[in-house]
1. Just a yes or no: is a residue in the stretch 30-45 on the phi > 0 side of the Ramachandran plot and among the hydroxyl-bearing types (Ser, Thr, Tyr)?
2. For the stretch 190-212, give me each residue that is open to solvent by 60 Å² or more (accessible area, probe 1.4 Å) and hydroxyl-bearing (Ser, Thr, Tyr).
3. Among the residues of the stretch 117-134, which ones are touching a helix residue (DSSP H, G or I) at 6+ places or on another chain (Cβ under 6 Å) and open to solvent by less than 10 Å² (accessible area, probe 1.4 Å)?
4. Among the residues that make up the stretch 291-301, is at least one of them out of contact with any Leu (no Cβ under 8 Å at 6 or more places or on another chain), open to solvent by 20 Å² or more (accessible area, probe 1.4 Å) and free of Cβ contacts under 8 Å to residues at least 12 places away in the same chain?
5. Hey, could you check the stretch 35-59 for residues that are in a loop (DSSP other than H, G, I, E, B) and crowded, with 24+ Cβ neighbours inside 10 Å and say which is nearest to the ligand (Cβ to nearest atom)?
6. Here are some conditions: (1) part of a helix (DSSP H, G or I); (2) in contact with a Pro (Cβ under 7 Å, 6 or more places away or on another chain); (3) of a type outside the set (S, T, N, Q); (4) open to solvent by 10 Å² or more (accessible area, probe 1.4 Å). Leu215 meets all but one. Which one does it not meet?
7. Give the stretch 309-325 a look and list any residue that's near the ligand (Cβ under 8 Å from one of its atoms) and within 14 Å of Gly68 (Cβ to Cβ), or say none.
8. If we keep just the residues of the stretch 265-284 that are within 16 Å of the ligand (Cβ to nearest atom) and open to solvent by 30 Å² or more (accessible area, probe 1.4 Å), which is farthest from the chain's Cα centre (by Cα)?
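The values are calculated or read from the model by the stated rules, or taken from the named source; none is laboratory data. Given the structure is predicted, the values throughout are model-derived calculations rather than measurements. Neighbour counts run over all protein chains shown; Cβ positions are idealised from the backbone, glycine included. Each accessible area value is taken on the protein alone, full model and side chains, heavy atoms only, with ligands, DNA and RNA left out. Shrake-Rupley method; radii C 1.70, N 1.55, O 1.52, S 1.80 Å.
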Amino acid sequence: MLRKTFKAMVVQQAEDKGFVRSVIDKSVEELPPGDILIRTLYSSLNYKDALSASGNRGVTKNYPHTPGIDAAGVVEESISNDFRPGDEVIVTGYDLGMNTSGGFAQYIRVPADWVVKRPKNLTLRESMCYGTAGFTAALSVLKLREHNITPEQGKILVTGATGGVGSIAISILSKQGFDVVAVSGKKGRKQYLLDLGAIEVLDREEVRDVSGKPLLKPRWSGVIDTVGGDFLATAIKSTKYCGVITCCGNVASPELHITVFPFILRGVTLIGIDSANCPMPLRMRIWEKLADDWKLDHLDRLVTEISLDELDMHIERILNGKQTGRVIVNLQRG
Ligand SMILES: NC(=O)c1ccc[n+]([C@@H]2O[C@H](COP(=O)([O-])OP(=O)(O)OC[C@H]3O[C@@H](n4cnc5c(N)ncnc54)[C@H](OP(=O)(O)O)[C@@H]3O)[C@@H](O)[C@H]2O)c1
């Protein structure tokens, strides 16, 4: 039954210009217009949410605002012929949680063309265990595969390994028989990464070259980079002939200082990854893979489940690079 008010995290600018987060009651009338009203059962925490929740105007222009780029729930109202009340659905990316009231709330209202029906073999909870981070990891692996990177060609490097994208990328690659080398700044998390399927764990500083050399010893047949900056530059310079690097994140830095030599002497390919506006046919293909042949048996090992009230502390953790694995938000939990 549709509730008139619901719980939502709201971020607003305080008089001292800082940003404060609180969980308050909102009404359905306050939601933006849209084709589909969804009762959110689960959301998940991504790095971009932490930026939105801390006043980053590159992500969210106007406050007060409810972040949450991911939501999974049940359709309550629909003016679209494609969706009916009771349908279980997933929304990730597009403008959700950026400048459209997001998934850190018990209701969202969105355009129909943002909505994906829950795949048969995936629960709503499982869909948020993946969330945008898992979707991005899968999209990155798919791009390596489409560029003919196979397990026989050698090791794959994954940076930001204990984070959401990194943890799921390692798991999917390892399930497909790839030898994965994980890079992490968290000294105490080596066993976690080996348990996900990495064959080797390197400290961050081992893969950060600042010598200025245009090329380094070729080591990787493929790279899934989630951090950018010197780490991405080093990875590109260390990729083998005809290897492939995907780039999705910038937690270390948005800058990339390299020369053209890895491209013109080793034929490497650098692929940009954008999950937010991933076209619907590819989006549905990725969700089907996550539900089916790429589905992880150890999803629960990667996940911490929290309530809306516990979210604040986890936002600080992810902002400070301290997150391990994924955090999902159970919106029914008090
Ligand atoms: N393009 C897209 O569509 C898309 C989609 C999802 C995410 N992203 C981006 O991908 C990145 C990772 O997202 P996520 O959800 O996995 O975030 P996350 O869970 O916070 O993971 C990021 C990981 O990067 C490492 N790290 C943190 N600060 C670092 C630093 N200063 N230098 C080097 N490594 C650092 C940490 O892992 P270790 O301690 O193990 O090194 C951290 O756990 C973010 O930039 C995010 O915005 C992009």
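1. Within the stretch 30-45 (the criterion being on the phi > 0 side of the Ramachandran plot and among the hydroxyl-bearing types (Ser, Thr, Tyr)), the answer is no, since none of the residues qualifies.
2. Ser211
3. Listed by number, the residues that qualify are Pro119, Leu122, Cys129, Tyr130, Ala133, Gly134.
4. yes
5. The residue in question is Asn46.
6. (1)
7. Answer for the stretch 309-325, where residues must be near the ligand (Cβ under 8 Å from one of its atoms) and within 14 Å of Gly68 (Cβ to Cβ): just Ile318.
8. Residue satisfying both the conditions and the ranking: Leu270.
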